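Down below is the structure, laid out as structure tokens.
The values are calculated or read from the model by the stated rules, or taken from the named source; none is laboratory data. Small disclaimer: the values here were computed from a predicted structure and weren't measured. Using ideal geometry, Cβ is built from the backbone for each residue, glycine included, and neighbour counts are taken over all protein chains shown. Only protein heavy atoms, including side chains, enter the accessible area calculation; ligands, DNA and RNA are left aside. Shrake-Rupley method; radii C 1.70, N 1.55, O 1.52, S 1.80 Å.
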Amino acid sequence: MKIKLIVSVLACALFSSVTLSHAAESRYFTYAPEALASTKSQLQSPDSALKPAYEQLLADADKALLHPNYSVTQKTLSPASNNKHDYYSFGTYWWPNPDTSNHLPYIRHDGKTNPDTKTDATDSERMAHFAQDMKRLGLAYYFTGKAAYAQKAAELATAWFVTPKTKMNPNLAYAQAIPGIVDGRGIGIIDSRALIDVMDSIELIRPANTLSEENYQSIKSWYKEFNQWLLTSNNGFEESNWHNNHGTFFDTQVVAFSLFTDQPDLARRQLKIAELRHLAGQIDNKGLLTAENERTRSWHYTNFALSAYMRLARYGELTGVDMWHFDLDDHNLHQALIVVAQQIGSPTQWPYPELKYNENEAVGNILAAERAYPDAIFKEKATYLTAHDAKNINLLTVGASLVP
């Protein structure tokens, strides 16, 4: 099996790169360096199949160069703390109550997004745009070597994490509040998954020396403090207990942030928790993610949850934890990916509720599976999806991206 054969080598070679924190060179976490290097090599060919995705990446990165710096202090509403430095959002699927004069308390409509949650009044869209820009800029710098991309990424990161007037406090105590019900929820920790992309890009731009060592260390300190909040707060405890994508993305954040902040033992411990507590409990012996299949957007959430496992399995390569091949009573990641692959290009309808079916949501997961396993179905479906979504930047990173 492809990944199993190289895990021990990667755990030594790559893990040594994880512990280097002072040299101005890239460290690799979510992105596998050999995958990025292969992409870079393929892009040298003028007729490379990756050109559409590459051109889309550069177009997005060029737009990011023109964006102003982002800050949580820019929101027009305030959290219960009345501190604009505290991140604030409210629940995506919660709507004003039509039966009360003040429309409180809000009521839930699963799968139906309240557009008011996606405005500048709160921070969720702002964080998403910040992370998206950072991702594009970091990758654009890696593939082109143009310092302008790295300079802009350094400016964005410094404003978000370091500058006293604009930086975010390292907690999500007021995330996904529900007007009229609660000031913030553990479930809001799903929002900060976006900061994994930011972390990866901060490392990609290191060779450009556009981010000072002082600011780099300040950002790492911010992540370490935030990670500690995840592990010790009531909100973090609540989120870690979910046996669906929320619990898995909690694990993913803790592992990623632990690696970034030079805490490999903590990362390894959380990976083992993820295997035994979430993977074995969330994926049944048929490869179905039962908690996600109960949702009104089951295909989306199945792929969303699996995208977290793709990251976790990648981080396992860095720490000697082989999640790709973990199995407990026939509960395993491989079978879950087979189920998704079998659906791609199939004339048979996905047998669970889905309001907005889009098979391209599986691109990142199938590409990661093709890298990890020898099964012919993953190569076949990866080729199919590549042809149907040629501009998807997952093609450049081999599945190292979250479902949007």
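Within the range 113-157, the residues that satisfy the criterion of being open to solvent by 10 Å² or more (accessible area, probe 1.4 Å), within 21 Å of Asp86 (Cβ to Cβ) and in contact (Cβ under 8 Å) with a residue 60 or more places away in the chain are Ser124, Ala128, His129.
Checking each residue of the range 107-123 against the condition of being within 19 Å of the chain's Cα centre (by Cα) and acidic (Asp, Glu) gives at least one match. State whether the residues of the range 365-373 include one that is in contact with a helix residue (DSSP H, G or I) (Cβ under 8 Å, 6 or more places away or on another chain), under 25 Å from Ala128 (Cα atoms), surrounded by fewer than 20 Cβ atoms within 10 Å (Cβ to Cβ) and without any contact (Cβ under 8 Å) to a residue 60 or more places away in the chain. No, the range 365-373 has no match at all. When the residues of the range 374-404 are filtered to those that are open to solvent by 20 Å² or more (accessible area, probe 1.4 Å) and β-branched (Val, Ile, Thr), the one that is modelled with the lowest pLDDT is Val398. Scanning the range 234-249 for residues that are closer than 20 Å to His300 by Cβ, open to solvent by 10 Å² or more (accessible area, probe 1.4 Å) and in contact with a helix residue (DSSP H, G or I) (Cβ under 6 Å, 6 or more places away or on another chain) yields a total of 3.
Only one entry of Gln176, Gln270, Gln253 meets the criterion of being at positive phi, open to solvent by less than 50 Å² (accessible area, probe 1.4 Å) and under 18 Å from the mean Cα position of the chain (by Cα), and that entry is Gln176.
Taken over the range 158-169, residues that are of a type in the set (D, E, K, R) and either farther than 20 Å from Ser81 by Cα or at pLDDT below 95 (or both) amount to 0.
Take the conditions in contact (Cβ under 8 Å) with a residue 24 or more places away in the chain, more than 21 Å from the chain's Cα centre (by Cα) and not in a helix (DSSP H, G or I) and apply them to Tyr352. Does it pass?
yes
For the range 308-330, the count of residues that are free of Cβ contacts under 8 Å to residues at least 40 places away in the same chain and surrounded by fewer than 22 Cβ atoms within 10 Å (Cβ to Cβ) is at least one. Whenever a residue of the range 236-252 is touching a residue at least 60 places away in the same chain (Cβ under 8 Å), its partners that are not in a helix (DSSP H, G or I), lying with C-beta atoms within less than 8 angstrom and at least six residues away or across chains, give the pairs Asn244/Leu289; Phe250/Trp242. Under the condition of being over 20 Å from Pro164 (Cα atoms), assigned to a loop (DSSP other than H, G, I, E, B) and not aliphatic (A, V, I, L, M), the residues counted in the range 64-98 number 7. Could you list, in sequence order, all residues of the range 286-308 that are not hydrophobic (A, V, I, L, M, F, W, C) and not in a helix (DSSP H, G or I)? Passing the criteria: Lys286, Gly287, Glu294, Arg295, Thr296, Arg297. I'm checking my understanding of the structure. Among residues of the range 202-231 that are part of a helix (DSSP H, G or I) and of a type in the set (Ser, Thr, Tyr), which one is most open to solvent (accessible area, probe 1.4 Å)? Per the criteria, the residue is Ser221. Within the range 264-285, how many residues turn out to be more than 11 Å from Thr252 (Cα to Cα), polar (S, T, N, Q) and part of a helix (DSSP H, G or I)? Residues that pass the stated criteria total 1.
Condition check ((1) more than 22 Å from the chain's Cα centre (by Cα); (2) at pLDDT below 90; (3) charged (D, E, K, R)) across all residues:
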| position | (1), (2), (3) |
| --- | --- |
| Ala13 | yes, yes, no |
| Val18 | no, yes, no |
| Ala35 | no, no, no |
| Ser41 | yes, no, no |
| Ala49 | yes, no, no |
| Glu55 | yes, no, yes |
| Leu58 | no, no, no |
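Screening Ser45 against (1) in a loop (DSSP other than H, G, I, E, B); (2) touching a helix residue (DSSP H, G or I) at 6+ places or on another chain (Cβ under 9 Å); (3) modelled with pLDDT of 90 or more; (4) surrounded by 13 or more Cβ atoms within 10 Å (Cβ to Cβ) leaves a single unmet condition, (4).
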